[in-house]
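Working notes, beginning with the structure itself.
The values are calculated or read from the model by the stated rules, or taken from the named source; none is laboratory data. Computed from a predicted structure; not experimentally measured. All Cβ positions, even for glycine, are placed from backbone atoms using ideal geometry, and neighbour counts span all protein chains on display.
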Amino acid sequence: MTFDAVILAGGRIRGPIARETGVQYKALIPFQGFTLLERTMSAVRAIEQVQHIAVIGPAALEATAAAAGASLFVEEGASIPENLERGVLALQQARGGRHADRLVAAASDLPFLSTEAINAFIRNCPACADICVPVVRRRTFQMRFPKAPARFVRLQDGEYTAGCVFLLNPEALIASRPHIEKICNARKNQTAMAMLLGPLFMARFVTRRLRVEHIERRCGQILGKEGAAVLDSPPELAFDIDDVEDYRYALTASGRTCI
């Protein structure tokens, strides 16, 4: 099975974290002597199956991406689904018109990301699934990152957070692009999300009868593809840096108190 990878590097930062780190892009946040983009590239490059890596982001990151070993740099579009599609199409062209069998898609703001963590996730992904999402239990996350600032969703069978590394079927991703766009557009609007997911789904959520398997099934119905929530994935896939509190925690957890 052939693999390619896309690294999403378009996240902007402002306010206290921008002042503290001295940068305006998450991918350029310094951590343990490297930028987060360099650390992400290092982790992904070492995955044995991955052949080509495309970095998607603003033009200001192109030189950093090239120096870190990216096969391709693609200037970003207006949304995450568009950026994924741009990466998939660029990689397809690099392969002479063929898609890889699977695509590893990763955010560039995961300070503790490692090759071992990504490989553990990939090993647990069902071979038949078109879209695999890592899911981490609250207890597992907090054992790895005690008192870390993090958000969890409470379901009937526990509290969970999702990771920011995915395993995708590139052809399925292209076919599902309109549906993925709808989900992304609705994610911060409860009314829009309720309309998209349907009344039964929302009723289960409100009454705390919603389980991971229900989310997995409903997303598969919306996308028209086989999806999998990969339970007990490594917590390193779910610790991302969104604000200055996350950044300070990461520094402390790594045994450092400064950049």
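Taking the stretch 72-109 as the range and being outside any helix (DSSP H, G or I) and either more than 18 Å from Gly57 (Cα to Cα) or polar (S, T, N, Q) (or both) as the test, the residues that pass are Ser79, Arg95, Gly96, Gly97, Arg98, His99, Ala100, Asp101, Arg102, Ser108. Among the residues making up the stretch 126-142, those that are touching a residue at least 60 places away in the same chain (Cβ under 8 Å) and under 29 Å from Ser254 (Cα atoms) are Cys132, Val133, Pro134, Val135, Val136, Arg137, Thr140, Phe141. Only residues that are at pLDDT 95 or above and assigned to a helix (DSSP H, G or I): list them for the stretch 209-250, please. Passing the criteria: Pro235, Glu236, Leu237, Val244, Glu245, Asp246, Tyr247, Arg248, Tyr249, Ala250.
Return the residue satisfying two criteria in turn: it lies in the stretch 180-195 and is at pLDDT below 65 and either among the aliphatic types (A, V, I, L, M) or touching a Lys or Arg at 6+ places or on another chain (Cβ under 8 Å) (or both), and of such residues it is nearest to Ala78 (Cα to Cα). Selected residue: Ala186. Would you confirm whether any residue within the stretch 158-173 is of a type in the set (D, E, K, R), touching a residue at least 60 places away in the same chain (Cβ under 8 Å), under 22 Å from Gln49 (Cβ atoms) and part of a helix (DSSP H, G or I)? Yes, the stretch 158-173 contains a residue that is of a type in the set (D, E, K, R), touching a residue at least 60 places away in the same chain (Cβ under 8 Å), under 22 Å from Gln49 (Cβ atoms) and part of a helix (DSSP H, G or I). Yes or no: the stretch 94-114 includes at least one residue that is in contact with an Asp or Glu (Cβ under 9 Å, 6 or more places away or on another chain), of a type in the set (Ser, Thr, Tyr), surrounded by fewer than 20 Cβ atoms within 10 Å (Cβ to Cβ) and in contact (Cβ under 8 Å) with a residue 24 or more places away in the chain. Checked against the condition, which is being in contact with an Asp or Glu (Cβ under 9 Å, 6 or more places away or on another chain), of a type in the set (Ser, Thr, Tyr), surrounded by fewer than 20 Cβ atoms within 10 Å (Cβ to Cβ) and in contact (Cβ under 8 Å) with a residue 24 or more places away in the chain, the stretch 94-114 yields at least one hit.
Among residues belonging to the stretch 67-91 that are of a type in the set (S, T, N, Q) and buried (at least 18 other Cβ atoms within 10 Å of the Cβ), point out the one that is nearest to Glu181 (Cα to Cα). Outline the logic, then answer.
Kept after step one, since they are of a type in the set (S, T, N, Q), are these residues of the stretch 67-91: 71, 79, 83.
Restricting the remaining residues to those that are buried (at least 18 other Cβ atoms within 10 Å of the Cβ) gives 71, 83.
Values: Ser71: 26, Asn83: 11 Å.
Looking at the filtered set, the residue picked out is Asn83.
Taking the stretch 161-178, which residues are surrounded by 24 or more Cβ atoms within 10 Å (Cβ to Cβ), within 9 Å of the chain's Cα centre (by Cα) and of a type outside the set (A, V, I, L, M)? Scanning the stretch 161-178 gives a single hit, Gly163. Residues of the stretch 204-237 that are touching a Lys or Arg at 6+ places or on another chain (Cβ under 9 Å), buried (at least 19 other Cβ atoms within 10 Å of the Cβ) and either closer than 30 Å to Val23 by Cα or aliphatic (A, V, I, L, M) (or both): Leu210, Pro234, Pro235, Glu236. Residues of the stretch 145-157 that are surrounded by 16 or more Cβ atoms within 10 Å (Cβ to Cβ) and either in contact with an Asp or Glu (Cβ under 7 Å, 6 or more places away or on another chain) or modelled with pLDDT under 90 (or both): Ala150, Phe152, Leu155.
Taking the stretch 40-64 as the region of interest, how many residues are hydrophobic (A, V, I, L, M, F, W, C) and within 16 Å of the chain's Cα centre (by Cα)? Before the answer, list the steps.
Of all residues in the stretch 40-64, those hydrophobic (A, V, I, L, M, F, W, C) come to 41, 43-44, 46-47, 50, 53-56, 59-61, 63.
Then drop every residue that is not within 16 Å of the chain's Cα centre (by Cα), which leaves 41, 43-44, 53-56.
Of the residues in that region, 7 qualify.
Restricted to the stretch 33-61, and to residues there that are crowded, with 16+ Cβ neighbours inside 10 Å and not hydrophobic (A, V, I, L, M, F, W, C), the residue that is farthest from Pro170 (Cα to Cα) is Thr35.
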